Amino acid sequence: MFQHPKPRRLEWPHLCPSVHWAQIQRPFPGPGKYRTLYDFELIYVFQGELLIHFNDEIAPIPVGAGDLLLLSSAMRHRIELLADPHTHLLGIHFDFFNEQTVLAEQDLTVREDKIDPERFCSIPVMGEGHPVFGAHYESVPYEMVEWMERIVEEHAKGRGNPGYELACRGLMLLIFTQLLSLDTKSSRPNLHSGYQGKIKELAVEMEIRPGAPWANAEMAGRFNVSEDHFIRLFKDIVGMSPRKYLQFIRHREAKKMLRETDMKIELIGRQLGYEDLHNFSKVFKKWQGISPRAYRKLSILH
């Protein structure tokens, strides 16, 4: 049974998370190598499936699309990526009590031939010594995913940006607050077990083809249920309605295209399924607070 070397009884005023690294990842499938972290890592799975191997576990833990994994400092593990060419992850390295300053990515991982026990970040525990947070949360709310994506954006701006650390800290505290309301391994009752796998597969299809129309009536027909029942199923399993989820993934892809390409804004909107520039700009501003043009200008500045 794993015993963390640096448990720290949590007093909420002392919770002061610090983000060390945050990125979107599209890794290749493979068995992975064993590693040990000095800090903690949150991994959200947009698409694909992972197997997490721990030294003291006989069977690996499967982590699928929509799930969140919290990897502890000091715990040796291996991440196996199953054979999905479209594996899509979001990772955030952090500590809970602003204990560590990271100068380079290699500072996050323990060198097996040179372990420094003092550098392991503390794990928050309750009065009886149990960790405050779990290791695996299924089908987490997409509101939490949005916060994680904003952390990636803030981190990309660099430490020289005014308010960088404060913004990341505030978003991490929101994530912690949300995690406290969820159950580990299952964030909501398994009321629709017969539909969960197929609904998650549909959600992945929507991520791969965000520009398709994805009409509720047609999707409901795939499950032989009424449109209203399908919307309830989708919201219970994914965490938001099909329409809102589609807007969410379109918005995420729009931000990426605005940042990383010089494609005309109207063409970006059309590729993502919007009828015209006005409709695209209206929805984008609703989600981001600024127009696509203003967002592109800001991303160039940073």
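The values are calculated or read from the model by the stated rules, or taken from the named source; none is laboratory data. Small disclaimer: the values here were computed from a predicted structure and weren't measured. Glycine gets a Cβ as well: all are built from the backbone with ideal geometry, and neighbour counts include every protein chain shown.
A few comments on the model shown:
- Within the range 25-56, being surrounded by 12 or more Cβ atoms within 10 Å (Cβ to Cβ) and among the basic types (Lys, Arg) holds for 26, 35.
Okay, residues lined up against (1) in contact with a Phe, Trp or Tyr (Cβ under 7 Å, 6 or more places away or on another chain); (2) modelled with pLDDT of 95 or more:
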site	(1), (2)
214	no, yes
229	no, no
232	no, no
241	yes, no
253	no, no
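- Positions within the range 253-279 being part of a helix (DSSP H, G or I) and under 25 Å from the mean Cα position of the chain (by Cα), in sequence order: 253, 254, 255, 256, 257, 258, 259, 260, 268, 269, 271
- If the condition is being surrounded by fewer than 11 Cβ atoms within 10 Å (Cβ to Cβ), part of a loop (DSSP other than H, G, I, E, B) and not polar (S, T, N, Q), then the range 210-229 contributes only 213.
- Candidate set from the range 36-63 (those that are farther than 13 Å from residue 91 by Cβ and of a type in the set (D, E, K, R)); member that is nearest to the chain's Cα centre (by Cα): 49
- Residue that is surrounded by the fewest Cβ atoms within 10 Å (Cβ to Cβ) [pool: residues in the range 113-127 that are part of a loop (DSSP other than H, G, I, E, B) and in contact with a Lys or Arg (Cβ under 9 Å, 6 or more places away or on another chain)]: 127
- The residues of the range 256-302 that are in contact (Cβ under 8 Å) with a residue 60 or more places away in the chain and touching a Phe, Trp or Tyr at 6+ places or on another chain (Cβ under 9 Å), listed by number, are 272, 273.
- Index of the failed condition, residue 192 passing every other in (1) touching a Leu at 6+ places or on another chain (Cβ under 9 Å); (2) at pLDDT 75 or above: (2)
- Only listed residue being in the same structural domain as residue 154 (by TED's automatic domain parsing), farther than 30 Å from residue 197 by Cβ and either at pLDDT 85 or above or of a type in the set (A, V, I, L, M) (or both), chosen from 40, 96, 46, 54: 96
- Selection status of residue 59, among the small types (Gly, Ala, Ser), more than 24 Å from residue 149 (Cα to Cα) and either surrounded by fewer than 15 Cβ atoms within 10 Å (Cβ to Cβ) or free of Cβ contacts under 8 Å to residues at least 12 places away in the same chain (or both): yes
- From the list 144, 172, 206, 148, the one residue that fits, being over 30 Å from residue 132 (Cα atoms) and either at pLDDT 90 or above or not assigned by TED's automatic domain parsing to the domain that holds residue 40 (or both), is 206.
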